[in-house]
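Asks: Before anything else, here's the structure in question.
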Amino acid sequence: MVKIGLLSDTHACWDDRYAKYFASCDEIWHAGDIGGLPLYEQLEGLGKRLRAVCGNIDGQDLRRFLKKVEYFRCEEVDVLMTHIGGYPGKYAPGMTKLFAETHPKLFVCGHSHILKAQFDPTRQMLCLNPGAAGTFGFHKVRTLMRFVIDGADIKDLEVIELN
């Protein structure tokens, strides 16, 4: 069983509550627009396994070691994570091809600053967008997610509002 803390679109904004809400997590996943190496290093400093992708605002300091797309297995769940991905019925260009190649059970993205947890019955895939944890952007509520992957099950999804 792995407990995941998920965030996106921090845009270099550190909030001490990241540490508080992710203290019980085994891993932290960041779905892009980290905003710079200092914030990435602060997340690393929490002592959890950190998985992250670069977003459209991330510079070379992060792009030199982060990919645009990560595909990995957590427990028995195949995960595809990218920054600009869209959602069921309105995926970003190229995503349909990527799904056909990888067949993820969990798709994680950011970019929209819109919190979303939606199941895609066509692909039998859960789609998660944690919204935006940072202060930059049009969103009015800053959000994080926590959930558990237990074997092949994705469960106990929580949405945390920071405002």
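Asks: Considering each residue of region 33-51, count those that are in a loop (DSSP other than H, G, I, E, B), crowded, with 21+ Cβ neighbours inside 10 Å and either on the phi < 0 side of the Ramachandran plot or more than 16 Å from the chain's Cα centre (by Cα) (or both), and give that number.
Replies: Summing the residues that are in a loop (DSSP other than H, G, I, E, B), crowded, with 21+ Cβ neighbours inside 10 Å and either on the phi < 0 side of the Ramachandran plot or more than 16 Å from the chain's Cα centre (by Cα) (or both) in region 33-51 gives 1.
Asks: Now for a separate question. Mind listing just one residue for me: the one in region 83-106 that is part of a strand (DSSP E or B) and out of contact with any Leu (no Cβ under 8 Å at 6 or more places or on another chain) and, of those, most open to solvent (accessible area, probe 1.4 Å)?
Replies: Per the criteria, the residue is Lys90.
Asks: Just checking, does region 1-23 include any residue being polar (S, T, N, Q) and surrounded by 14 or more Cβ atoms within 10 Å (Cβ to Cβ)? I'd like the intermediate steps shown before the answer.
Replies: If we filter region 1-23 for residues that are polar (S, T, N, Q), which is where we start, we get 8, 10.
Right, trim to surrounded by 14 or more Cβ atoms within 10 Å (Cβ to Cβ) and you get 8, 10.
Yes, region 1-23 contains at least one residue that is polar (S, T, N, Q) and surrounded by 14 or more Cβ atoms within 10 Å (Cβ to Cβ).
Asks: Residues of region 9-28 being charged (D, E, K, R) and either under 21 Å from Val53 (Cβ atoms) or not in a helix (DSSP H, G or I) (or both), which ones?
Replies: Asp9, Asp15, Asp26, Glu27
Asks: Here's something else I'd like to know. Of the residues in region 107-161, how many are of a type in the set (A, V, I, L, M) and surrounded by fewer than 18 Cβ atoms within 10 Å (Cβ to Cβ)?
Replies: Filtering region 107-161 for residues of a type in the set (A, V, I, L, M) gives 108, 114-115, 117, 125-126, 128, 132-133, 141, 144-145, 148-149, 152, 154, 157, 159-160.
Now restrict to residues that are surrounded by fewer than 18 Cβ atoms within 10 Å (Cβ to Cβ): 114, 117, 141, 148, 152, 157, 159.
The qualifying residues number 7.
Asks: While we're looking at this one, here's another question. Name the single residue, out of those in region 128-163 being among the β-branched types (Val, Ile, Thr) and in contact with a strand residue (DSSP E or B) (Cβ under 8 Å, 6 or more places away or on another chain), that is farthest from Leu115 (Cα to Cα).
Replies: Going residue by residue through region 128-163, those that are among the β-branched types (Val, Ile, Thr) are 135, 141, 143, 148-149, 154, 159-160.
Going one step further and asking which of them are in contact with a strand residue (DSSP E or B) (Cβ under 8 Å, 6 or more places away or on another chain), we end up with 141, 143, 148-149, 154, 159-160.
On the way: Val141: 9, Thr143: 7, Val148: 18, Ile149: 20, Ile154: 17, Val159: 9, Ile160: 11 Å.
Ranking the qualifying residues of region 128-163, first place goes to Ile149.
Asks: Identify the residue in region 52-68 that is assigned to a loop (DSSP other than H, G, I, E, B) and basic (Lys, Arg) and, among all such residues, is most open to solvent (accessible area, probe 1.4 Å).
Replies: Arg64
Asks: Residues of region 119-148 being farther than 22 Å from Ala23 by Cα, out of contact with any Phe, Trp or Tyr (no Cβ under 6 Å at 6 or more places or on another chain) and not in a loop (DSSP other than H, G, I, E, B), which ones?
Replies: Residues satisfying the conditions are Phe119, Asp120.
Asks: Could you please tell me which pairs satisfy a Cβ distance under 7 Å, a separation of 6+ or placement on different chains, a first residue in region 17-42 that is more than 19 Å from Val108 (Cα to Cα), and a second residue that is part of a helix (DSSP H, G or I) and acidic (Asp, Glu)?
Replies: From residues that are more than 19 Å from Val108 (Cα to Cα), the pairs are Gly36/Asp61; Leu37/Asp61.
The values are calculated or read from the model by the stated rules, or taken from the named source; none is laboratory data. The shown structure was predicted, so the numbers you read here are calculated from the model rather than taken from an experiment. With ideal geometry, Cβ positions are generated from the backbone for all residues, glycine too; neighbour counts draw on all protein chains shown. When the accessible area is computed, the model is the full protein with side chains, heavy atoms only, and any ligands, DNA or RNA have been set aside. Shrake-Rupley method; radii C 1.70, N 1.55, O 1.52, S 1.80 Å.
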